[in-house]
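Below: the structure, in structure tokens.
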Amino acid sequence: MDKSSLIGTLIGVFCLGFVAWHGSHGHLAMFYSQEGVFTVIGGSISVIFMALPLSRVMAVGGYMKKFMFHKGKGPIEIIQVIQALAEKARRDGILALESETRKIEDPFLAAGLKMAVDGVDPSNIEMTLRMEVLAMQDRHKSGKKFFDLVKVYGPAWGLVGTLIGQIGMFGQLEGGDIGAMGKMLALAVVATMYGTVLANAVAGPIGDKLALRSSEEILAREMMLQGILSIQAGDNPRVTLDRMMSFIPAVTRTNVKVAA
């Protein structure tokens with residue numbers, strides 16, 4: 001579970017609920033508009049289907065899972081794993097790492113290490129793994145694109161609802177039906193609120209978190225790649241460690257060296 005995502009979600013829901021409860025004096029139903037839901041939520045969904053292939057739309061569950069749950073290894077964990085592998089390869093030979101590939105949970109690291117053990121040319125290993133990183137980046141861009149579409153077009157559909165509500169309200173001026181005018185005015189205001197909340201409290205933060213996770217995963221993959229190439233080259237474990245250290249801040253680097 002990504003604790004920061006959970007904490008941020010709970011804080012946002014609490015603050016929004018608190019203000020809505022006090023603003024409506026407990027009558028939360030006044031914030032519901034069927035027309036507003038159809039306009040903003042339905043309109044945003046239509047945009048997603050128009051802009052993305054169906055396979056990417058159906059992957060929305062995976063995007064949400066990536067937002068709420070983060071299972072990737074951090075830089076320190078990666079350095080520790082690579083360092084242990086480098087020391088074993090230096091001590092027992094690179095072929096001794098064949099048994100380790102079965103224990104490694106990360107498929108990227110396991111695949112790269114297996115190619116190194118099999119004696120694949122370093123340039124081929126690097127090319128294959130970088131192609132995998134590029135494919136991963138493309139998948140991640142689709143996730144962020146999904147929420148970027150909602151962030152951009154949610155408020156736009158809210159504006160459409162607002163304009164429809166205003167037109168409907170003006171159309172009731174001649175008849176003087178206050179109830180009908182109030183309903184259309186409510187649609188105008190609520191549609192704008194729905195679009196704003198959807199963009200700024202839901203889609204925007206989720207998209208930004210996915211972009212951050214993507215950059216972290218790309219960095220992790222690059223660390224693994226450099227570690228694999230260093231191990232295959234037969235570098236001293238200290239040289240491999242120093243190469244890995246270049247990926248992390250100086251303060252953290254010092255702490256890792258002390259631990260090592």
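The values are calculated or read from the model by the stated rules, or taken from the named source; none is laboratory data. Predicted, not measured: the structure shown is a model, and the values here were computed from it. As a convention, Cβ positions derive from the backbone with ideal geometry for all residues, glycine included, and neighbour counts pool all protein chains shown.
Values computed for the structure shown
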item	result
Subset of region 188-218 (residues that are surrounded by fewer than 17 Cβ atoms within 10 Å (Cβ to Cβ), touching a Gly at 6+ places or on another chain (Cβ under 7 Å) and closer than 30 Å to Ile78 by Cβ)	Glu216
Scope region 1-39; condition within 23 Å of the chain's Cα centre (by Cα) and among the β-branched types (Val, Ile, Thr); matching residues	Ile7, Thr9, Ile11, Val13
Qualifying residue in region 107-124 (condition: in the same structural domain as Ser214 (by TED's automatic domain parsing) and either under 30 Å from Leu52 (Cα atoms) or among the basic types (Lys, Arg) (or both))	no
Selection status of Val239, modelled with pLDDT under 85 and farther than 30 Å from Ile11 by Cβ	no
One residue from Met30, Met1, Met64 being surrounded by fewer than 12 Cβ atoms within 10 Å (Cβ to Cβ) and either in the same structural domain as Pro237 (by TED's automatic domain parsing) or in contact (Cβ under 8 Å) with a residue 40 or more places away in the chain (or both)	Met1
Ala96 under 30 Å from Leu113 (Cα atoms), touching a residue at least 12 places away in the same chain (Cβ under 8 Å) and among the small types (Gly, Ala, Ser)	no
Single match in Leu185, Leu129 (criterion: in a helix (DSSP H, G or I), touching a residue at least 60 places away in the same chain (Cβ under 8 Å) and either closer than 20 Å to Gly72 by Cα or more than 25 Å from the chain's Cα centre (by Cα) (or both))	Leu129
Condition met for Thr128 (modelled with pLDDT of 90 or more and under 30 Å from Tyr194 (Cα atoms))	no
Ser230, sole failed condition from (1) in contact with a Lys or Arg (Cβ under 7 Å, 6 or more places away or on another chain); (2) within 26 Å of Gly143 (Cα to Cα)	(2)
Leading residue by the ranking (nearest to Lys209 (Cα to Cα)) among those in region 33-57 that are at pLDDT 90 or above and outside any helix (DSSP H, G or I)	Leu52
